[in-house]
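What follows is a set of notes on a single structure, which appears directly below.
Coordinate-derived values only; no laboratory data. Predicted, not measured: the structure shown is a model, and the values here were computed from it. Because the Cβ atoms are built from the backbone with ideal geometry, glycine has one as well, and the counts that use them run over all protein chains shown.
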Amino acid sequence: MRHKGGRERPTPMRYCSRCTLPATFPGVTFDAQGICQYCLRFQPSLIRQQMNRYQLKFAALIKKYRGRSEYDILVSYSGGKDSSFILDLLKNEFGLKVLAFTFDNGFISSAAQENIHRVVEKLGVDHILVKPRFDVLKKIFATAASSDELYSRKSLERASPICTACISLVKSIGLRMAIEKRIPLLGFGWSPGQAPIQSSVMRLNPSFVNLSQKKLLAPLCTILSKEELGPYFLTDTNLALGAQHFPWNVHPLAFLEYSQERIFQRIEALGWQRPADTGVHSTNCLLNSLAIENHKARYHFHPYAWEIANLVRSGRMSRAEGLERIRATEPSSIVDYARERLGLVS
Ligand SMILES: [Zn+2]
């Protein structure tokens, strides 16, 4: 639209009138009232039933596996609020023997590192820090920031290419560690908007893992050698093991009550402090802000749009807070820091 003076006025972004899904989200449609197809199909009573079903499934797993190995569960611990919360929950409410591991992607903020140390000490859990070579990580993240070849467009509806790269490394390092240490459960702190409840208690299947790993490794092998990538993925020996040697994947926030207030209350009692050194959407990572702005510029929707719309739709976040979060711009100082560290400054 052209106005006096000839200046273009940007059209305001349209969002679902019930959740916060933007009109730029791939495949979204709105009815006459501006409600998206996901909200129209949403059945709140079904969520409650599913949560009960998965709670029972998890309880049965605990009964079966607790005390059979040195550790009952290996937990991916980023130092962020959600994974700090599940560490406490799994140890103190479910009585599990927990081993935590942190994947250091080279961008853990100082405040998050201090949170990690305080929380694992206070909880009394063993903790392993996995820090891959930064030159390898730098190549992977820098490629994710510019290439459209690494991941399918469908997977990018759920997370940015940079976060997808990071998360796939976390998952695969965790899986290999759980197999090699014979730990029967592998836990993640995905929010209920991030990962569907159907995958919240699920045994990993070697042939499926093999296929996804091949798909993931093929494009990475164009920038790194097999030797460089080897330590972060499953070996042929791992993959040849039977399904009984593979852990169950668990992300308990999908089937438990998810309240931000309760999360902060529990973790602050463990010495966790809200970091002031990260962007809008992360409580631990200094790469996240670049990942978000890079995704927005390339695909024209916020990479957290799907997660936040799910949280709003299911009543776990207010619509006003959801809108505020996906309309926010990440701090340019943090974006620039990450860009420079990845060598993306022209
Ligand atoms: Zn909606």
Worksheet entry | Hits in the range 26-41 (condition: farther than 23 Å from Lys296 by Cβ, more than 8 Å from the ligand (Cβ to nearest atom) and in a loop (DSSP other than H, G, I, E, B)) | Asp31, Ala32, Gln33
Discussion item. Go through (1) surrounded by 15 or more Cβ atoms within 10 Å (Cβ to Cβ); (2) under 30 Å from Glu180 (Cβ atoms) for Tyr299 and report which single condition fails.
Written reply: (2)
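From the list Ala240, Ala254, which one is out of contact with any His (no Cβ under 6 Å at 6 or more places or on another chain), of a type in the set (A, V, I, L, M) and closer than 26 Å to Lys57 by Cβ? Steps first, please.
Values: Ala240 fails: closer than 26 Å to Lys57 by Cβ.
After ruling out the rest, the residue left standing is Ala254.
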Fill in: Residue count for the range 48-78, restricted to those that are more than 19 Å from Met177 (Cβ to Cβ) and of a type in the set (S, T, N, Q)
4
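Looking at Ala144, Ala159, can you tell me which residue is closer than 30 Å to Ser314 by Cα and of a type in the set (A, V, I, L, M)? Working first, answer last.
On the way: Ala144 fails: closer than 30 Å to Ser314 by Cα.
Residue meeting the stated conditions: Ala159.
Check every one of the helices (runs of 4 or more DSSP H) wholly within the range 224-316 and list those with 2 or more residues that are closer than 18 Å to Ser84 by Cα.
260-268
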